[in-house]
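The values are calculated or read from the model by the stated rules, or taken from the named source; none is laboratory data. Worth saying up front: this structure is predicted, and the values here are computed from it rather than measured. Positions of Cβ are generated from backbone atoms using ideal geometry, with glycine treated the same way; all protein chains shown enter the neighbour counts.
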Amino acid sequence: MIYLDTSALVKKYAIESGTAEIRALLMNEDIIITSKLTYAEVCASFARKLREDNMGKGSYNKAWESFLNDWEVFTLVEVREEIFPLIHKLTQTHQLRGADAVHLSSALWVGEEIGKPLLFVASDSRLLRAATIEGLEVINPGKA
């Protein structure tokens, strides 16, 4: 069971450093968890890649279709009031952006609910450092 931050999930659909690793990791996972916030972040990431010519229109359409199919099978975490205190704590303790605090608090909350920590997958060193300090095992696809 893993939690995917958007920075890692995008690598599944857009060819970049870590794409092979994230695809291999996901092939072996039955339960993939992410926040509902991920939808908006993937939309923005794909649009930016298209605008900046890092992804052609055909690749964009294929990536978007693949993402939509995957979205149906992800286990999604709501941005719920129960995690608001944790979001506050994490932003005070670590130098996290708002979306990163939502992802980390979501992963921690799910781990608490199921009684064991999740594997946290992201490609943001600040977020991964905070996740490690908070007791999660982490993977940064594309980094040894």
What's the number of the only condition in (1) more than 14 Å from LEU4 (Cα to Cα); (2) part of a helix (DSSP H, G or I); (3) at pLDDT 95 or above that HIS103 fails to meet?
(1)
Have a look at ALA14, ALA24, ALA44 and point out the one that is aliphatic (A, V, I, L, M), within 17 Å of ALA122 (Cβ to Cβ) and in contact with a helix residue (DSSP H, G or I) (Cβ under 8 Å, 6 or more places away or on another chain).
ALA14
Among the residues of segment 106-123, write down those that are touching a Phe, Trp or Tyr at 6+ places or on another chain (Cβ under 6 Å) and part of a strand (DSSP E or B).
PHE120
Would you be able to tell me the number of residues in segment 16-44 that are over 25 Å from TRP109 (Cα atoms) and touching a residue at least 40 places away in the same chain (Cβ under 8 Å)?
5
Lone unmet requirement of (1) within 18 Å of TYR3 (Cα to Cα); (2) at pLDDT 95 or above; (3) over 16 Å from the mean Cα position of the chain (by Cα) for HIS94
(1)
